[in-house]
Amino acid sequence: MRLDVEVWRQDGPGASGAFVTYDVPDCDPRMSVLELLDHLNEQLTARTEAPIAFESDCREGICGACGLTVDGRPHGWADNLPACHQRLGEREDGARIRLEPLRSGLFPVVRDLVVDRGVLDDVVLQGGFASVDTGLAPDADTVPVAHHAAEESLDLAACIGCGACVAACPNGSAALYAGARIAHLASLPIPALERAGRARSISRVVDEEFGPCSGYGECARVCPADIPLGAVAMVARERWGAALHPTRT
Ligand code: SF4
Ligand code: FES
């Protein structure tokens, strides 16, 4: 198949960018959006033109590096798939495809399709991890975890930190991301004070650095990890739990 591919080209963070249209022959419907960019970059380098900068790592839907906007939607056409799994077969031969960076004021453009998603790290730094005293680590079997709690925790821990939820939200809210970070640990038997402290500190960053959630729901539709919209409510639940019962178990 042959495609007209409009790509956002921007030389650096302070530079003004613009769309450039490329005629790309010999595309295969089985190619992913990232493979389309590989294919196009081969043609650009053969013509000694600068290749398009974009991020990728695993190409298996587990690293979150490939966040970009395809035809106006974070990651691409199909719901709940990362860009590395969005296939060109979704479009017709001769179609025009528009590729641009994740569009959010919170993610400044570094170059072309690459953005700085460092603001997401601020959430993780506020306690999106479990502290474990490895010197006295108990045998795992001595800390019983109900099967349903372990399943819920693992499902929420599937967040790959791609930032698509923030880019999809008209308010720039990180409620889905923060909910996954808070709730996957809150499902487990962690110390109550640590749980309350995590809820307070992550909530503060979410309030200070991101927009509010208004229940729009597009975050859950684009999320490649299938984090359910209910994770958003976990932020409020843990926040109020920390305020009212800071030492609860
Ligand atoms: S919640 Fe989903 S969309 Fe948001 S960062 Fe995690 S994986 Fe990406
Ligand atoms: S490249 Fe790792 S999730 Fe897409």
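Selection of region 206-237 for residues being in a helix (DSSP H, G or I) and either within 16 Å of ligand 2 (Cβ to nearest atom) or buried (at least 21 other Cβ atoms within 10 Å of the Cβ) (or both) yields Val206, Cys219, Val222, Ala231, Val232, Met234, Val235. Basic (Lys, Arg), within 14 Å of ligand 1 (Cβ to nearest atom) and surrounded by 15 or more Cβ atoms within 10 Å (Cβ to Cβ): does that describe Arg59? Considered against the rule, which asks whether it is basic (Lys, Arg), within 14 Å of ligand 1 (Cβ to nearest atom) and surrounded by 15 or more Cβ atoms within 10 Å (Cβ to Cβ), Arg59 comes out as no. Per the listing Ala168, Ala199, Ala192, Ala180, the residue uniquely touching a strand residue (DSSP E or B) at 6+ places or on another chain (Cβ under 6 Å) and either within 16 Å of ligand 1 (Cβ to nearest atom) or of a type in the set (Gly, Ala, Ser) (or both) is Ala168. The numbered conditions (1) within 19 Å of the chain's Cα centre (by Cα); (2) modelled with pLDDT under 90; (3) β-branched (Val, Ile, Thr) are all true for Ile160 except (2). The set of residues in region 167-187 being closer than 12 Å to Tyr216 by Cβ, crowded, with 23+ Cβ neighbours inside 10 Å and not hydroxyl-bearing (Ser, Thr, Tyr) consists of Ala168, Cys169, Ala175, Leu176.
Pairs are defined by a Cβ separation below 7 Å, a sequence spacing of at least 6 or placement on different chains, a first member in region 182-203 that is polar (S, T, N, Q), and a second member that is in a loop (DSSP other than H, G, I, E, B) and surrounded by fewer than 21 Cβ atoms within 10 Å (Cβ to Cβ); the pairs so defined are Ser201/Gly127.
For region 142-165, the set of residues classified as part of a helix (DSSP H, G or I) and either away from ligand 2 (no atom under 16 Å from the Cβ) or loosely packed, with under 12 Cβ neighbours inside 10 Å (or both) consists of Thr142, His147, His148, Ala149, Ala150, Glu151, Glu152, Ser153, Leu154, Asp155, Leu156, listed by residue number.
May I ask you to verify whether Ile190 is within 16 Å of ligand 2 (Cβ to nearest atom), assigned by TED's automatic domain parsing to the domain that holds Glu151 and outside any helix (DSSP H, G or I)? Spelling it out, it is not the case that Ile190 is within 16 Å of ligand 2 (Cβ to nearest atom), assigned by TED's automatic domain parsing to the domain that holds Glu151 and outside any helix (DSSP H, G or I).
Considering His39, His85, His75, the condition of being in contact (Cβ under 8 Å) with a residue 60 or more places away in the chain, surrounded by 14 or more Cβ atoms within 10 Å (Cβ to Cβ) and over 18 Å from Ala167 (Cα atoms) is satisfied by His85 alone.
The values are calculated or read from the model by the stated rules, or taken from the named source; none is laboratory data. Being a predicted model, the structure only gives us computed values, none of them experimental. A quick note on method: Cβ atoms are made from the backbone with ideal geometry, for glycine too, and the neighbour counts reach across all protein chains shown.
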